[in-house]
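Shown next, in structure tokens, is the structure this report addresses.
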Amino acid sequence: MSAPMYRTLSPDKIIATLEKLQQRIAERFPDRNLRNVCGELVGIARESKAKAAAAARPNRLLRFSIALVLVLGLALLGYVASIIEVKRGAENLYGVLQGIEAAVNTLVLTGAGVFFLATLESRWKRQQAFMELHQLQSIVHVIDMHQLTKDPSRLLSGGAPTSSSPERPLTPFELTRYLDYCSEMLSLAAKIAALYAQATKDTVIIESTRGLEQLTANLSSKIWQKIRLTQDLADAGAKKPSAPH
């Protein structure tokens, strides 16, 4: 039975939203690299769709191997038990003790093998998820770098730029849109990460996903402070009375 439509994240919807966002960025800022960053995020979302789905599926080959090891271990244990002869006498007692020791060793080795194979699936899926989350974390910092020099304080009058000052040709409206696009990309990056938390019950993966979500939320909060400041400065400039002639 499939999950209810509005209770789980849809990777297809995330990809479609990112593709639309990339188109919006390209139409508004055709010469900016921000659209290329969004394109990379689209690619990561497509890869994550397949990998998160794989993480949610059981590894049947590995689970068959676990069952096979368990059956072989029990068969070997049964064989060891069958060759132990319980008779009176000191010599036979020594043989019985050797047989019991062999049975215990077989049981321990079988249990260790089953435990190793049982945890191998979760460890493999965890490693795959960590690789994707690391990639997402890297692109989140790339997005942050793109908005770093978009400073609303340039809208204030006074202060000539230096030769090393970054170019800031954006109007207040364009600056607001640019920052808003960065915030949307950060939010969608967090949604991609959430696909892995949705696909597994591994607490380590879930905690790592929460860490990435917290990072994007903090960066987005700083961006929205810039957006509010830009709007306030633009409104103050529009209300400023003109100088008398």
Quiz item: Condition test on ARG24, is it at pLDDT below 95, in a helix (DSSP H, G or I) and either among the charged types (D, E, K, R) or over 20 Å from MET145 (Cα atoms) (or both)?
Solution: no
Quiz item: On the given criteria, is TYR196 assigned to a helix (DSSP H, G or I), hydroxyl-bearing (Ser, Thr, Tyr), at pLDDT 85 or above and farther than 22 Å from SER10 by Cα?
Solution: no
Practice problem: Quick one: PRO166 ticks every box in (1) touching a Ser or Thr at 6+ places or on another chain (Cβ under 6 Å); (2) at pLDDT 85 or above; (3) surrounded by fewer than 17 Cβ atoms within 10 Å (Cβ to Cβ) except a single one, so which number is it? | Solution: (2)
Quiz prompt | One residue from ALA55, ALA45, ALA50 being loosely packed, with under 12 Cβ neighbours inside 10 Å and under 17 Å from the mean Cα position of the chain (by Cα) | solution = ALA50
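The values are calculated or read from the model by the stated rules, or taken from the named source; none is laboratory data. Just so it is clear, the structure is predicted and the values come from calculations on it, not from any experiment. We place every Cβ from the backbone using ideal geometry, glycine too, and count neighbours over all the protein chains shown.
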